[in-house]
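Taking it in order: structure first as structure tokens, then the write-up.
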Amino acid sequence: MEPVKIWLEKNLKGDPVLWGIVLLFSFISIAVVYSATGTLAYKKMGGNTEYFLIKHTGLIGVGLFFAWLAHRIDYRHYSRLSLYALLISVPLLIFTYFVGGTTVNDASRWLTIPVINQTFQPSDLAKLALISHLASMLSRRQQYIENFRTTLLPVLLWVGVICGIIILSNASTALLLFFTCLLLMFIGRVPMKYILLTILIGVTLGGVALTLGQRWGTVQKRIESFTDKSKPLPFQLEHSMIAIASGGPVGKGPGNSTERNILPHPYSDFIYAIIIEEYGMAGGVAVLFLYLAFLYRGLLTVMRSYGAFGGLLSAGLSFSLVLQAMVNMGVAVGLGPITGLPLPMLSMGGTSLIFTGISIGIILSVSRGEREIRPMAGEPDDAPRIPKQAAYA
């Protein structure tokens, strides 16, 4: 065991508890997705139930590799990389929506990568890039945080452009990203009057973009079905509630779900309902606790970060992942309208697992601590630190 311990200490830097949470999520994901894709395997793969197990396990492995790779990089390099990623994201988002996107469920969100024939959502890259660049902009401008032209205007432009393009085809992702940016602005000590102005502009322009986009009709129907209690529950939510109710305190046991044969996308959008059906309320609470523990460790990294950029970067990415998880779980138990957002680190996915892995790797990179990294002149952390009593209270 000693050689294994030495290897782990040498190669897995950063918060060990956070690493443990991520690995635990990976094992849970493999088990639950294997169960939830049973019917899909029979329909599409002629009964080869191991196909999706092998595929998903491989993708989990790739995601963990990218997390390991990202955590080995000095996190301050992401300040410059985020700008390049944003400059790539904008044309990709525009191209996907207006020209060459793969349309699924009446929305052009995906691009198909030639040769390997793998689809990915440019919005995944845009989310990661925007949060990282916003952290960089706020950390560089701490001395001028109340200056509208030098601080708020660049923030408004990037947040408006990225969220505005995304909302044309994916309202839930755009709204979640916008809310994450507002949280990051609050933590970054942006004056409240500017945050309220950002909300006003975002609601106005975002509303216009939403009505002109592809998902306005779907958004209306989902809000109406959630608010109008005289109408029957939507099909997905009805069977999600059945799965949760039949799970009981300890569940039916692994692989014994019946609603996986009925629920649309039980391996992604409604995987939380399958978790509760098979593992009961105990399993559902355990998953919720793991997400809260992940958020706690991410914010603990913020508290221990020496510079403003590292703290803002870790906070933004941690909130982004956990907020999406809360929305997904809330939808599954009927606390919100159906969104179609997957459950981070648990749902079956493709390239989304890679971007999630990169996000986790960046948080782990920050958790390595700035004292472990030689100072780099000209990087965002040369700016004055955010007073912790003001920013993190």
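The values are calculated or read from the model by the stated rules, or taken from the named source; none is laboratory data. Bear in mind the structure is a predicted one, so any value in this text is a computation, not a measurement. Methodologically, a virtual Cβ is constructed for each residue, glycine included, from the backbone with ideal geometry; neighbour enumeration extends over all protein chains shown. We work out accessible area using only protein heavy atoms, side chains counted, and drop any ligands, DNA or RNA first. Shrake-Rupley method; radii C 1.70, N 1.55, O 1.52, S 1.80 Å.
Assorted remarks:
- Among the residues listed as LEU152, LEU134, the single one being in a helix (DSSP H, G or I), within 16 Å of LEU313 (Cα to Cα) and touching a helix residue (DSSP H, G or I) at 6+ places or on another chain (Cβ under 6 Å): LEU134
- Condition broken by GLN121, with the remaining ones in (1) in contact with a strand residue (DSSP E or B) (Cβ under 6 Å, 6 or more places away or on another chain); (2) more than 22 Å from PRO91 (Cβ to Cβ) satisfied: (2)
- When LEU263, LEU295 are screened for being on the phi < 0 side of the Ramachandran plot and surrounded by fewer than 21 Cβ atoms within 10 Å (Cβ to Cβ), only LEU295 passes.
- Any hit, the range 280-290, residues being within 30 Å of CYS181 (Cα to Cα) and open to solvent by 80 Å² or more (accessible area, probe 1.4 Å): yes
- Evaluating SER225 against the criteria (1) modelled with pLDDT under 90; (2) out of contact with any Ser or Thr (no Cβ under 9 Å at 6 or more places or on another chain); (3) open to solvent by less than 50 Å² (accessible area, probe 1.4 Å); (4) under 30 Å from ARG149 (Cβ atoms) leaves one unmet condition, (4).
- Filter result for VAL99 (loosely packed, with under 15 Cβ neighbours inside 10 Å and assigned to a helix (DSSP H, G or I)): yes
- Boolean, ARG189 is open to solvent by 20 Å² or more (accessible area, probe 1.4 Å) and in contact with a Ser or Thr (Cβ under 9 Å, 6 or more places away or on another chain): no
- Selected residue (criterion: nearest to SER139 (Cα to Cα)) from residues of the range 42-67 that are surrounded by 17 or more Cβ atoms within 10 Å (Cβ to Cβ) and within 19 Å of the chain's Cα centre (by Cα): ALA67
Here is a yes/no grid of residues against (1) open to solvent by less than 10 Å² (accessible area, probe 1.4 Å); (2) under 26 Å from ILE275 (Cβ atoms); (3) over 16 Å from the mean Cα position of the chain (by Cα); (4) not hydroxyl-bearing (Ser, Thr, Tyr):
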| position | (1), (2), (3), (4) |
| --- | --- |
| ARG304 | no, no, yes, yes |
| ALA308 | yes, no, yes, yes |
| GLY316 | yes, no, no, yes |
| GLN324 | no, yes, no, yes |
| GLY334 | no, yes, yes, yes |
| PRO337 | no, yes, yes, yes |
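- Residues of the range 68-77 that are open to solvent by less than 20 Å² (accessible area, probe 1.4 Å), closer than 19 Å to LEU130 by Cβ and part of a helix (DSSP H, G or I): ALA70 alone.
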